[in-house]
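Read-outs throughout are calculated quantities, based only on the coordinates presented, and are distinct from any laboratory measurement. Keep in mind the model is a prediction, meaning the values are calculated, not measured. Reconstructed Cβ throughout: ideal geometry from the backbone, glycine too, with neighbour counts over all protein chains shown.
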Amino acid sequence: MVGSAIVRKLEADGHETIITRTSSELDLRNQEAVASFFDTERPDYVFLAAAKVGGILANNIYRAEFLYDNLMIEANIIHSAYKSGVTKLLFLGSSCIYPKMAEQPLKEEYLLSGFLEPTNEPYAIAKIAGIKLCEAYRSQYGANFISAMPTNLYGPNDNYNLQGSHVLPALIRKFHEAKINDQPTVEVWGTGSPRREFLHADDLADACVYLMNSYDGEQFVNIGTGEDVTIRELAEMVQKAVGYEGELRWDSSKPDGTPRKLMDVSRLHAMGWKHTTDLGDGIERTYQDFLANEVLYVE
Ligand code: GDP
């Protein structure tokens, strides 16, 4: 989702030499394969968006994979980027790097100030390692490696597998299928009270290119909207966009996760960047994209 959004943005800006690899073409966990890719292709600018990602359930179940795969991907790419003399690299982290009970909104300086949310601790530890790799390669080798922490994302090419996905694509699929099949109720996880912030992938891509063009600092930068909604409010927005008229049933046996994850985006706003996609419009666009690509998204 993020990689394809960055490619769309770079193409729209007129960039012609964009090098990409799918995971089946290049296994980023393989040190030799990554080193050989960098030796051959010699990219100048690297957007490190690749990661093993998933929603609350997948993060909690596949704890070893979320830690191992992400550590390997980051270490291999960051080291090879340094070795091959990349001009600049942008590493993408996640808002889950912040402590579970951190003050809100989340300021960049709250990193490592408390315990992490247990359901996604392995992923968060890997992403914190990525930030620290960029900082260390900058301080020891003078590499221009920057990091950005996006909030929860949604948009084209999202993961619609209900066991692995995040909440927004899961709700689009659940409400859509319930509408088509005339189901009287849709099951939504948790209590509905957690608050989350959502950013469209195209806005994220725009911010990434903005930072690549204009920011060279050691401090990582939050990327978000600075606005959040409860999961209940989100569910009602998705329900409306899909046009489902049944009831919501809350399954409190499923975890809520962190009570709130709202980014403080004052640093990014002060640099002159702000999102443009309103959440309601973004959900409608994403539902249209889901309808157009349902065969691809739903196996
Ligand atoms: P998180 O931001 O890491 O907690 O990841 P998610 O996007 O997976 O979940 C966000 C919140 O939405 C949690 O409180 C979930 O319990 C809730 N939620 C409600 N329904 C669903 C669903 O169908 N799928 C997922 N993934 N989360 C859901």
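Quick notes
- Cα centroid separation - the range 201-250 against the range 281-299, whole Å: 16 Å
- Average projection area in nm² (convex hull over Cα atoms of the chain, one quarter of hull surface): 15.0 nm²
- Formal net charge of residues neighbouring Phe66 (Cβ-Cβ distance under 12 Å; K, R +1; D, E -1): 0
- Our estimate of slack between Glu25 and Asp256, defined as 0.36 nm per intervening residue step minus the Cα-Cα distance, is 79.5 nm.
- Paramagnetic reach from Ser113 (point 7 Å along Cα→Cβ, amide N under 16 Å) across the range 190-220: 220
- Coordinate range of the alpha-carbon atoms in the range 98-141 per principal axis, descending: 35, 21, 13 Å.
- Least to most buried among Ser36, Ser147, Ser252, Ser165 (fewest other Cβ within 10 Å first): Ser252, Ser36, Ser165, Ser147
- In Å, descending, principal axis extents of the Cα set of the range 14-141: 45, 31, 31
- Centre-to-centre, using Cα atoms only, the range 117-139 and the range 44-58 are separated by 12 Å.
- Distance in nm between pseudo-label sites at Ala35 and Arg249 (7 Å out along the Cβ direction from Cα): 5.5 nm
- Proxy reagent accessibility, fewest Cβ within 10 Å first, across Asp203, Asp27, Asp44: Asp44, Asp27, Asp203
- Cross-link pairs exceeding 18 Å between alpha carbons, from the set Lys83/Lys127; Lys100/Lys261; Lys52/Lys254; Lys9/Lys83: Lys83/Lys127; Lys52/Lys254; Lys9/Lys83.
- Helix-derived mean residue ellipticity, 222 nm - over the chain, DSSP H n ≥ 4, -39500 (n - 2.57), to 500: -14500 deg cm²/dmol
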